[in-house]
Amino acid sequence: MPLKEKLAKKIPILREEVKSLVKEHGQKVISQATVEQAYGGMRGIKSMVWETSLLDPNEGIRFRGYNIPEVREKLPKAPGGEEPLPEGLFWLLLTGELPTENDVKEVTKEWQTRGKVPASTWKILDSLPKKMHPMTQFSIGIMSLQPTSLYQQKYNEGIPKKDYWDPMYEDVMNLLAQLPAIAAYIYRRSYKNGKRITPSKKLDWGANFSHMMGIDDPEYYELMRLYLVLHSDHEGGNVSAHTTHLVGSALSDAFYSLSAGMNGLAGPLHGLANQEVLRWIQNLMKKLGGRVPTKEELSKALWDTLNSGQVIPGYGHAVLRKTDPRYVAQREFALKHMPKDELFQLVAMVYEVAPDILMKHGKAKNPWPNVDAHSGVLQWYYGVREYDFYTVLFGVSRAMGVLAQLIWDRALGLSIERPKSVTTEWLKQEVTKM
Ligand code: HAX
């Protein structure tokens, strides 16, 4: 059954479930907020719904109930490949069901068909300085597609609220189909000869992305597929996901919502951490005259970073309390394809040394590596050495998760977000009454 049809069948069922859940249990308390949480980034307060994935502090992410090893095992692969196809993950996120090989082929075909980027987008990108950060170009690239929004057109025509999800689905499919071409062109114009590479009708979404970047190595295709699966979704509270969801809640279309989410991903405490990790490691090697540090030198450098008030990039997490399984999956890929690589060995050495130091330092609640601690070194190995681009790779992947949820936001008719804020003065008065 085609993806949209499958989704159309699921929507009324979940709508009914949610309706009766709210009717029967609407007043039950699932979370409370403390003064500390009000100042501390609302950490841990359960106050939003995100259907596509759920994060366990110890086990890591589950996409629709499947953890990372299960997703790697169960999702269809490219012919001869071993890593899951991102199209399959998108199917899973959207429908909650594992796709067949045929389902995945249909999504690949559909994204190929919808993949033509409007000339106006190329023109807008060409007007940007080549030195502009790739994430800024990416956000502008997404916004440049906004005039193509079918959702906005249908909204203006006055379609009923219960049908909003339908044109949203169309926008999301078009946007996902076109994102790799936009991202790849940003890479080409910023770092290569600026020539656009036409997508191939023979390649899947991930392989085509790498083809359009100018990399036609089957091993890199595999890395790209894995990368795009791993970074896609991490429940709803992280900055890129929550921002997309928040902006969408005002009934802004997929282009406005995703572009806003990407602006959040561009922050160094979020997606930008993946470029910071490699920068940190390479600065250290530069200081040592290009040589790989010993464990003692690495420990000293980690302490120097902490003592100067900076964070160790790629380590720590707002929710996770163990090594991120997305880190583990990338480490497994490295152990298989590049075990002797010097930079990988250094990343592995940081993993041996940093958690202990962070524990001794005593501030970070989670001393273990997150997804960003490993992604850069894999890109570097296959020749993508322009690390300012790494967050764009993350963004293409993250789009799948946040946009799948955005369709569900409209399908369930979720409300405009409007939590209550208070002032310090109000808190000072209120706490004395407690
Ligand atoms: N190095 C040094 N100090 C750290 C740290 C790290 N890696 N991680 C946390 N801390 C510090 C915090 O800065 C905070 O210090 P203050 O009290 O002085 O503000 C303290 O430990 C407590 O923080 P926390 O509760 O453990 O962590 P938060 O939930 O506040 O923040 C972060 C989570 C991921 C932002 C944090 O761990 C961090 O800054 N890590 C480094 C940057 C990074 O890797 N970001 C990517 C995270 C994954 C992601 O979103 N990818 O997109």
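Would you point out the residue of region 186-198, among those that are touching a residue at least 40 places away in the same chain (Cβ under 8 Å) and assigned to a helix (DSSP H, G or I), that is farthest from Trp408 (Cα to Cα)? The extreme case among them is Tyr191.
Take the residues of region 154-165 that are without any contact (Cβ under 8 Å) to a residue 24 or more places away in the chain and surrounded by 12 or more Cβ atoms within 10 Å (Cβ to Cβ): which is farthest from Glu110 (Cα to Cα)?
Ile159
With respect to (1) aliphatic (A, V, I, L, M); (2) more than 16 Å from the ligand (Cβ to nearest atom); (3) free of Cβ contacts under 8 Å to residues at least 60 places away in the same chain, the lone exception for Ala183 is condition (3).
Listed here are the residues, each with its yes/no results for (1) within 15 Å of the chain's Cα centre (by Cα); (2) buried (at least 24 other Cβ atoms within 10 Å of the Cβ); (3) outside any loop (DSSP other than H, G, I, E, B).
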{"residue": "Glu352", "(1), (2), (3)": "no, no, yes"}
{"residue": "Ile357", "(1), (2), (3)": "no, no, yes"}
{"residue": "Ala373", "(1), (2), (3)": "yes, yes, yes"}
{"residue": "Val384", "(1), (2), (3)": "no, no, no"}
{"residue": "Ala404", "(1), (2), (3)": "yes, yes, yes"}
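Sort through Ala364, Ala373, Ala354 and tell me the only one that's within 16 Å of the ligand (Cβ to nearest atom), touching a strand residue (DSSP E or B) at 6+ places or on another chain (Cβ under 9 Å) and farther than 22 Å from Asp56 by Cα.
Of Ala364, Ala373, Ala354, the one residue that is within 16 Å of the ligand (Cβ to nearest atom), touching a strand residue (DSSP E or B) at 6+ places or on another chain (Cβ under 9 Å) and farther than 22 Å from Asp56 by Cα is Ala354.
If you take the residues of region 293-331 that are under 18 Å from the mean Cα position of the chain (by Cα) and among the aromatic types (Phe, Trp, Tyr), which of them is farthest from the ligand (Cβ to nearest atom)? Among those residues, the one meeting the criterion is Tyr327. Considering only residues that are touching a helix residue (DSSP H, G or I) at 6+ places or on another chain (Cβ under 8 Å) and surrounded by fewer than 22 Cβ atoms within 10 Å (Cβ to Cβ), which ones fall in region 56-67? Matches in region 56-67: Glu59, Arg64, Tyr66, Asn67.
Per-residue answers, yes or no, for (1) surrounded by fewer than 21 Cβ atoms within 10 Å (Cβ to Cβ); (2) part of a helix (DSSP H, G or I):
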| site | (1), (2) |
| --- | --- |
| Met285 | yes, yes |
| Gly290 | yes, no |
| Glu297 | yes, yes |
| Thr305 | yes, yes |
| Gly309 | yes, no |
| Pro313 | no, no |
| Val319 | yes, no |
| Arg326 | no, yes |
| Gln330 | no, yes |
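Let's see how each residue does on (1) modelled with pLDDT of 95 or more; (2) within 14 Å of the ligand (Cβ to nearest atom):
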{"site": "Asp341", "(1), (2)": "no, no"}
{"site": "Leu346", "(1), (2)": "no, no"}
{"site": "Tyr382", "(1), (2)": "yes, no"}
{"site": "Gly395", "(1), (2)": "yes, yes"}
{"site": "Leu414", "(1), (2)": "yes, no"}
{"site": "Lys420", "(1), (2)": "yes, no"}
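Within region 239-257, can you find the residues that are within 16 Å of the ligand (Cβ to nearest atom) and in contact with a helix residue (DSSP H, G or I) (Cβ under 6 Å, 6 or more places away or on another chain)? Those that are within 16 Å of the ligand (Cβ to nearest atom) and in contact with a helix residue (DSSP H, G or I) (Cβ under 6 Å, 6 or more places away or on another chain): Val239, Ser240, Ala241, Thr243, Thr244. Scanning region 225-250 for residues that are among the hydrophobic types (A, V, I, L, M, F, W, C) and either farther than 15 Å from Thr391 by Cβ or in contact (Cβ under 8 Å) with a residue 60 or more places away in the chain (or both) gives Leu226, Leu228, Val229, Leu230, Ala241, Leu246, Val247, Ala250.
For region 96-113, a residue qualifies if it is in a loop (DSSP other than H, G, I, E, B) and under 20 Å from Gln405 (Cα atoms), and the qualifying residues are Gly96, Glu97, Leu98, Pro99.
Taken as a whole, the structure leaves Val431 outside the set of residues that are among the aliphatic types (A, V, I, L, M) and either within 16 Å of the ligand (Cβ to nearest atom) or surrounded by 24 or more Cβ atoms within 10 Å (Cβ to Cβ) (or both). For region 199-236, residues that are outside any loop (DSSP other than H, G, I, E, B) and more than 16 Å from the ligand (Cβ to nearest atom) total 18.
Within region 267-281, the set of residues being more than 10 Å from the ligand (Cβ to nearest atom) and in contact (Cβ under 8 Å) with a residue 60 or more places away in the chain comprises Gln275, Leu278, Arg279, Ile281. Among the criteria (1) surrounded by fewer than 24 Cβ atoms within 10 Å (Cβ to Cβ); (2) of a type in the set (Val, Ile, Thr); (3) within 11 Å of the ligand (Cβ to nearest atom); (4) assigned to a helix (DSSP H, G or I), the one Thr391 does not fulfil is (1). Filtering region 213-230 for residues that are basic (Lys, Arg) and touching a Leu at 6+ places or on another chain (Cβ under 8 Å) leaves a non-empty set.
The values are calculated or read from the model by the stated rules, or taken from the named source; none is laboratory data. Every value quoted in this text rests on a predicted model; they were computed, and no experiment measured them. Don't worry about glycine lacking a Cβ; one is built from the backbone with ideal geometry, like all the others, and counts go over all protein chains shown.
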